[in-house]
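Engineer: Would you mind keeping the following structure in view while I ask a few things?
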Amino acid sequence: MEIDEENNENKGGMWDLEQKLDQPMDEEAGRLRNMYREKKFSTLLLLRLAYQSLGVVYGDLGTSPLYVYNNTFPRGIEDPEDVIGALSLIIYSLTLIPLLKYVFIVCRANDNGQGGTFALYSLLCRQAKINTIPNQHRTDEELTTYSRSTFHEHSFAAKTKRWLEAYPYRKNALLILVVVGTCMVIGDGILTPAISEKFFSVLSASGGIKVDHPKMSNGINLPSNYLSLMCLLITVCLLASLSVIYDTLTKKFIILLVDADVVVVVAVIILVGLFSLQHYGTDRVGWLFAPIVLLWFLLVGGIGIYNIWKYDSSVLRAFSPVYIYRYFKRGKRDGWTSLGGIMLSITGTEALFADLAHFPVSAIQLAFTVIVFPCLLLAYSGQAAYLMQNTDHVVDAFYRSIPESIYWPVFVIATLAAIVASQATISATFSIIKQALALGCFPRVKVVHTSKKFLGQIYIPDINWILMVLCIAVTAGFKNQSQIGNAYGTAVVIVMLVTTLLMTLIMLLVWHCHWVVVLIFTVLSLVVECTYFSAVLFKLDQGGWVPLVIAAAFLVIMYVWHYGTVKRYEFEMHSKVSMAWILGLGPSLGLVRVPGIGLVYTELASGVPHIFSHFITNLPAIHSVVVFVCVKYLPVYTVPEDERFLVKRIGPKNYHMFRCVARYGYKDLHKKDDDFEKKLFDNLFMFVRLDSMMDGCSDSDEYSLYGQQTQHSRDYNGNSSTANIELSYSSMDSIAPAKCHPQGNSTITSSGHESSQTEVDELEFLNSCRDAGVVHILGNTVIRARRESRFYKKLAIDYIYAFLRKICRENSVIFNVPHESLLNVGQIFYV
């Protein structure tokens, strides 16, 4: 027994030793398994996001095969070799612009996942002082989302930065360039649904009915019985969805629509339905779009392969750029102007960048390279193969190239894909207007947050209905699809030119690329895009003027609003009250201090606004506590909640005057469930606590509250997790770093009790004032042009800006200020 026990003990010891030796191997194996699972999970997540991006991002680009050849050859095909040349242009256009430029270069220039012209502008504003509203402070650069790079003083990037900052007109020129690009994106959002839910997908898809029934009119003479028409259309859609009886019964019902003049009516009904669904949000409306677009790409790709095999496989020689040269040599001026139709093959690329907030760049790149790009090449090649033997079918080449056995299912999918395509552009319009609004370039409108998971998914009701009305007007006004196509091509090429110019600055100031690399990118992009631009100029009188008129209207609105905003800010800066005047009034400010807290809203981040002196000189009383509230937007995509508020004291403590600066990014929203007032007071009370702690190590009565905690607050607070704040002080009305004079421990200890008692007294005073009532004092500043001003200035200020101010949302509505707690103080100034 003893031997057995000893052997067992030895055996157990050996087993323990083996376990210890094997433990590192087991840990390593477990780590490798976890890495494999994480990699597998991230791969599956990437695939899912790439799949979802098809429905939101690529619907516009994917429906282009509906109308490209029709607009490229509006007068018909004279030589079958022209089809090869057009296909070669399409292939290299898709390769150079969407694939190389946007998917692999421009998408990398996102602002923390945000795309669009204003996202590029915000990146530039953080690298150079080019913001036309100078309300930024150096503390804003300390935000965690305020990424800013540095470069050598004598580098080409530094010279470019100094060149931009040298004169105000250069800053204004850059802003106008960004606004022009934004206005063209808005015009894109109007023309895309009209052009058949992103170019004339609506009209082209509805026009597919005319393949079997060419007598159907394209006019806009409306039938008298609207109810019967709508019921008939609904019946047609239901029958078309049945896989067994669609080919017989659907045609019988469509025959009833012959000579009914309903093609445009169908498009208008689809548009009204599309815009009516927007209030549900992208998350709810768009979750069904991905399978539709995926099915669409697979169908057009498969049909393309079938047509290449059936009609003419020699079209694949179009991959040689030699046929582009032959095409221009043979067509000359007509070949050059046909580039306006070729341009439509890459429309939707600009929406790809504007919709970037919804998906990571890697998911967009994966979806484009694996699904979108090859399927589009096959679709265009298949149509070209069909046209090689059927040159007289160029008007409706897409529908005629569909095999007869699957015609109606493809027709239904084409209509659904056209609707999905419009969603991408509408969502992009909402996003870019929200960015413009935050940067002071668009009137205040209601912005609805439609998703709790994705902050970038928003809905703007006013813009939605304006887009719908304009889309219907364009759809009904243009009976010819080619005219809408010309208009759309003009808008797209201008957006691409603006993006190229902004990307040149991004590569210099943000990416620090060598100037040779920047020159190569800029020259190649401008050569291609200016070539397309010169072609669309020939078609200005054929519909190309429409986006220019739309963009001009929005440009006037945006620039006049920005001009008025800048002038109001400059007026407040020049007329702000000096601290000497405030101190001269004494703690009572020369008035009766009544219980309560007055929140005075101002656009100034420093100094006492003129509206305050206007208020106290006309009223005999003021609240016991006055807080100047400044809400400002920074050129960042978001400001974290714990870094949003800056609090400081104005004057001595017995004045009970504070300033609170609330900072937002262009992605942040003021939601109804956000209690702005509560958050403001929470930060104010925290400031008072830390203010009392700093009494012993400060030589000033004025403090500031920042977004991060310093060693002082950690030393005196005893718990670094209680507040994320930083104290600093300034002898005047500015912000400076805190300085603590060397003192003995006994001094700090003796002053601790007094500081604690002072803190309690002031907190009790603030709470009693808060219980007495809070009044929100808003300035209603009216701008007027001087009598000696020029006519255009009077028109802009006295009429356009005044009208925009009248119809835009008030700040009281944005911050959910109760009407019974609101006090407006009016003043007029002349510019």
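Engineer: Report, by chain and number, residues whose modeled amide H sits under 5 Å from the one on ARG444, excluding near sequence neighbours (fewer than 5 apart, same chain).
Structural biologist: Placed amide hydrogens put ARG809 under 5 Å from ARG444.
Engineer: Continuing with this model, one more query. Tally up the carbon and sulfur contribution to the accessible surface of region 87-128 as a whole percent, 1.4 Å probe, everything protein left in place. Walk me through the numbers on the way to the answer.
Structural biologist: Values: 530 of 830 Å².
Result for region 87-128: 63 percent of the exposed heavy-atom area is carbon or sulfur.
Engineer: Provide the per residue accessible area, probe 1.4 Å, for region 361-464, rounded to a whole number of square angstrom. If you can, show how the numbers build up before the last one.
Structural biologist: Values: 3090 Å² over 104 residues.
Ligands and nucleic acids excluded, the result is 30 Å² per residue.
Engineer: While we're looking at this one, here's another question. What is the percent carbon and sulfur in the accessible area of region 555-697, measuring with a 1.4 Å probe over the protein chains and ignoring ligands? Don't skip to the answer; put the middle values down first.
Structural biologist: Details: 2880 of 4790 Å².
Result for region 555-697: 60 percent of the exposed heavy-atom area is carbon or sulfur.
Engineer: Pull up all non-local amide H partners of PHE628: gap of 5 or more, or a different chain, and H-to-H distance under 5 Å with H placed in the peptide plane.
Structural biologist: When sequence neighbours closer than 5 places are left aside, the close amide H contacts are VAL600, PHE658, ARG659, CYS660.
Engineer: Arrange the residues TRP581, TRP561, TRP545 by how much accessible surface each exposes, largest first, with a 1.4 angstrom probe. It would help to have the intermediate numbers written out before the result.
Structural biologist: Numbers: TRP581 95, TRP561 10, TRP545 125 Å².
Accessible-area ranking of TRP581, TRP561, TRP545, largest first: TRP545, TRP581, TRP561.
Engineer: State in Å² the accessible area per residue of region 37-178; use a 1.4 Å probe, count heavy atoms of protein chains only, and round to the nearest integer.
Structural biologist: Details: 6070 Å² over 142 residues.
Here the residues of region 37-178 average 43 Å² of exposed surface.
Engineer: Further question on the same structure: So, in Å, what gap is there between the alpha-carbon centers of region 111-155 and region 345-423?
Structural biologist: With region 111-155 and region 345-423 each reduced to a Cα centre, they are spaced 38 Å.
Engineer: Shifting gears a bit: In vacuum, with every alpha carbon of region 299-348 counted as one equal point scatterer, what does the Debye formula give for log10 I(q)/I(0) at q = 0.24, 0.25 Å⁻¹? Two decimals, please.
Structural biologist: One equal scatterer on each Cα of region 299-348 leads to -1.01, -1.01.
Engineer: Another question about this same structure. In whole percent, and with a 1.4 Å probe on the protein chains, what portion of the accessible area of region 317-442 is carbon and sulfur?
Structural biologist: Values: 2360 of 3760 Å².
The C+S portion of the solvent-accessible surface of region 317-442 is 63 percent.
Engineer: Please list, in order along region 55-66, the HN-Hα scalar couplings obtained from phi with the Karplus expression 6.51 cos²θ - 1.76 cosθ + 1.60 (θ = phi - 60°), rounded to whole Hz, x for Gly and Pro.
Structural biologist: Each residue of region 55-66 in turn: x, 9, 9, 9, x, 5, 5, x, 8, 4, x, 5 Hz.
Engineer: Still on this structure: Using a/c under 1.5 as the rounded threshold, could you call region 142-194 rounded, prolate or oblate? The axes a ≥ b ≥ c are square roots of the C-alpha gyration tensor eigenvalues, and prolate needs a/b larger than b/c, oblate otherwise. Each step should come with its number before you reach the end.
Structural biologist: Details: a/c = 3.22, a/b = 1.90, b/c = 1.70.
Prolate is the answer for region 142-194, as a/c is 1.5 or above and a/b outweighs b/c.
Engineer: Near the amide H of VAL831, under 5 Å away, which other amide H atoms are found, from residues 5 or more places off or on another chain, if H is placed in the peptide plane?
Structural biologist: ARG784, ALA785, ARG786
Engineer: Something else now. Could you provide, to the nearest whole Å², the per residue accessible area of region 576-661 with probe 1.4 Å? Present the calculation step by step, with values, prior to reporting the outcome.
Structural biologist: On the way: 2600 Å² over 86 residues.
Accessible area per residue: 30 Å².
Engineer: Please turn the phi angles of region 73-82 into ³J(HN,Hα) values with the Karplus equation 6.51 cos²θ - 1.76 cosθ + 1.60 (θ = phi - 60°), one per residue in order, whole Hz, x for glycine and proline.
Structural biologist: Values per residue, Gly and Pro as x: 10, x, 9, x, 9, 8, 10, x, 5, 5 Hz.
Engineer: Please give the peptides 797-809, 87-99 ranked by average Cβ packing (other Cβ atoms within 10 Å per residue), highest first, as a rough proxy for protection. Working shown, then result.
Structural biologist: Details: 797-809: 15.4, 87-99: 21.9.
Top of the packing list down: 87-99, 797-809.
Engineer: Starting at the first residue of region 289-297, write each ³J(HN,Hα) from the Karplus equation 6.51 cos²θ - 1.76 cosθ + 1.60 with θ = phi - 60°, in whole Hz, x for Gly and Pro.
Structural biologist: After applying 6.51 cos²θ - 1.76 cosθ + 1.60, I find 6, 4, x, 5, 5, 4, 4, 4, 4 Hz.
Engineer: Next up: With 5 Å bins from zero, work out the P(r) of region 541-699 over every alpha carbon pair and list the percent per bin.
Structural biologist: Distribution as computed: 2, 7, 13, 17, 16, 15, 11, 7, 4, 3, 2, 2, 1, 1, 0, 0 percent.
Engineer: Which pairs, out of LYS161/LYS806; LYS159/LYS539; LYS576/LYS794, put more than 32 Å between their alpha-carbon atoms? Numbers along the way, then the final one.
Structural biologist: Details: LYS161/LYS806 38 Å; LYS159/LYS539 40 Å; LYS576/LYS794 26 Å.
In this structure, LYS161/LYS806; LYS159/LYS539 exceed 32 Å between Cα atoms.
The values are calculated or read from the model by the stated rules, or taken from the named source; none is laboratory data. The model shown is predicted, which means the values in this text are computed figures rather than measured ones. Here the Cβ is made from the backbone with ideal geometry for all residues, glycine too, and neighbour counts use every protein chain on show. Side chains included, ligands, DNA and RNA excluded: accessible areas come from the protein's heavy atoms. Shrake-Rupley method; radii C 1.70, N 1.55, O 1.52, S 1.80 Å.
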